[in-house]
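Participant: This is the structure I want to talk about, given as structure tokens.
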Amino acid sequence: MENPFKYGGVVRGPHFADREDELAELEREMLNLSRVFLVSPRRYGKTCLLFNLMDRLKKRGVATAYLDLNAHPTLKSFAGALTVETSRALETNTDRLIKILSGFQRLRPKVSVAPDGFLSVGAEVLSPEADPLSALLEGLNHAERFAAKKKRRLVVVIDEFSDMAKYDGEVLEKALRSEVQKHQQIGYVMSGSEESVILSMVREQSRAFYKLGRIMELGPIRRDIYSDFVMGWLKRGGYRADLRDLDGIFTLGQDVPQNIQRLCYTMWEVARESKHVTLEVIDKLTEVIVRQDSPHYELLWQMATPAQRSLLMALSSEHTLSPFSREFMLKYSIGPPSSIKASLESLMKKSILYRSSDGAYHFADGFMPYWIGYLRRERPVS
Ligand SMILES: Nc1ncnc2c1ncn2[C@@H]1O[C@H](COP(=O)(O)OP(=O)(O)OP(=O)(O)O)[C@@H](O)[C@H]1O
Ligand SMILES: [Mg+2]
């Protein structure tokens with residue numbers, strides 16, 4: 001049997017664990033065409049949740065369009081994609097879609113033919129006559145009218161929404177708000193992991209998205225429910241395991257779904273022969289994973305300065321809200337604060353560390369602290 005625990009990429013259907021309450025709630029909100037801001041730390045499963053939501057909504061006859069701001073470095077490219085995706089959600093016939101896109105003032109349809117003859121339709125913003133903001137508003141306005149004409153509900157999902165700031169914000173945010181507010185046929189989910197950025201966008205009175213929609217914070221998956229999911233697959237694969245032992249996996253993975261999936265995937269492989277998940281198997285998992293990923297960690301390590309390495313070592317031993325405290329500095333022989341600050345900033349820029357909304361510093365890759373732990377034991381001083 002194929003390994004049922006998928007990690008990285010979008011996980012759907014029977015491979016997607018739980019999130020029943022969140023899915024039901026989001027489904028209700030979207031059937032009511034509300035506006036929801038979905039936030040969580042990284043790798044908690046927002047993107048997966050959104051794809052599963054769209055699968056459900058499609059079954060209920062709701063049209064859906066998904067946009068990932070990460071994929072669009074410029075507003076121009078986002079405006080084009082938004083127009084195409086919303087039009088495509090409501091019109092599946094390629095000829096008619098091209099006709100629709102030809103009707104825009106600020107866009108030109110772009111049709112490409114793949115070697116297998118498959119037609120793909122895109123659009124680009126005409127330049128220099130059209131500014132991308134007007135193109136975006138034209139696209140959104142069209143989506144609303146088109147959905148009304150088709151008598152369909154439309155849900156627009158904008159992932160990595162906190163990236164909006166890169167488009168040179170304020171004018172865009174205000175214009176977007178006033179357009180979105182007028183819509184009666186479209187529900188919106190805006191999702192992102194830069195919690196502080198999104199929360200300040202929505203909660204600060206001076207900002208354009210102030211109270212534009214409700215905030216939904218995605219937490220970890222409940223351990224009892226997730227263990228049942230894991231146990232169910234193990235049984236189907238003919239594995240023996242004790243439900244209580246599985247708890248160790250959630251501790252090792254700090255309840256981050258991506259880590260849990262990786263641990264379970266590895267567990268399945270390690271016990272493929274014996275078909276028996278024991279505590280020994282579980283204890284071995286992080287070592288197997290960091291061994292697999294060690295070329296990647298080595299590279300990061302080589303690029304880090306001595307001060308950054310010392311800080312990473314300290315943070316891998318202890319989670320702290322205050323890396324600048326005297327106690328922490330003394331305990332790990334790091335400092336002065338100016339050097340810690342510079343190291344933190346650089347490591348966050350390189351996406352090795354990130355800061356959660358409670359102010360704590362975390363490793364973006366939850367297994368890196370284990371690798372540093374093994375490193376410390378093998379090469380005590382670096
Ligand atoms: N409910 C789930 N069931 C199974 N796997 C999940 C679930 N949620 C998340 N995952 C796992 O976590 C990985 C990351 O999920 P996803 O990309 O959806 O997170 P995210 O919150 O969008 O992360 P980011 O903030 O980095 O965009 C997935 O590839 C999958 O392996
Ligand atoms: Mg995501």
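Participant: Where the second residue is assigned to a strand (DSSP E or B) and of a type in the set (S, T, N, Q) and the first is in contact (Cβ under 8 Å) with a residue 60 or more places away in the chain and lies in segment 135-159, which pairs have Cβ atoms under 8 Å and are six or more apart or on separate chains?
Facilitator: That search, which allows pairs on different chains as well, returns Leu154/Thr64; Val155/Thr64; Val156/Thr64; Val157/Thr64; Val157/Ser191; Ile158/Ser191; Asp159/Ser191.
Participant: While we're looking at this one, here's another question. Residues that are part of a loop (DSSP other than H, G, I, E, B) and among the acidic types (Asp, Glu): does segment 61-69 have at least one?
Facilitator: no
Participant: Is it the case that Leu26 is buried (at least 22 other Cβ atoms within 10 Å of the Cβ), within 16 Å of ligand 1 (Cβ to nearest atom), of a type in the set (A, V, I, L, M) and in the same structural domain as Phe161 (by TED's automatic domain parsing)?
Facilitator: Spelling it out, Leu26 is indeed buried (at least 22 other Cβ atoms within 10 Å of the Cβ), within 16 Å of ligand 1 (Cβ to nearest atom), of a type in the set (A, V, I, L, M) and in the same structural domain as Phe161 (by TED's automatic domain parsing).
Participant: I've got another one for you. Inside segment 224-311, counting only helices (runs of 4 or more DSSP H) that do not spill past its ends, which hold 2 or more residues that are within 23 Å of Arg376 (Cβ to Cβ) and within 16 Å of ligand 1 (Cβ to nearest atom)?
Facilitator: Because the criterion is at least 2 residues that are within 23 Å of Arg376 (Cβ to Cβ) and within 16 Å of ligand 1 (Cβ to nearest atom), the helices (runs of 4 or more DSSP H) in segment 224-311 that meet it are 257-270, 279-303.
Participant: Restricting to segment 240-256, name every residue that is over 29 Å from Ala364 (Cα atoms) and either modelled with pLDDT under 95 or out of contact with any His (no Cβ under 7 Å at 6 or more places or on another chain) (or both).
Facilitator: The answer is Ala241, Asp242.
Per-residue answers, yes or no, for (1) within 13 Å of ligand 2 (Cβ to nearest atom); (2) in contact (Cβ under 8 Å) with a residue 12 or more places away in the chain; (3) crowded, with 16+ Cβ neighbours inside 10 Å; (4) not β-branched (Val, Ile, Thr):
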position: Lys6; (1), (2), (3), (4): no, yes, yes, yes
position: Asp21; (1), (2), (3), (4): no, no, no, yes
position: Arg43; (1), (2), (3), (4): yes, yes, yes, yes
position: Lys46; (1), (2), (3), (4): yes, yes, yes, yes
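Participant: Would you please name the residue that is nearest to the chain's Cα centre (by Cα), looking only at residues in segment 184-207 that are under 22 Å from Val155 (Cα atoms) and surrounded by fewer than 19 Cβ atoms within 10 Å (Cβ to Cβ)?
Facilitator: Leu199
The values are calculated or read from the model by the stated rules, or taken from the named source; none is laboratory data. In this text the structure is predicted, and so the values were computed from the model without any measurement. All Cβ positions, glycine included, derive from the backbone under ideal geometry; neighbour counts span all protein chains shown.
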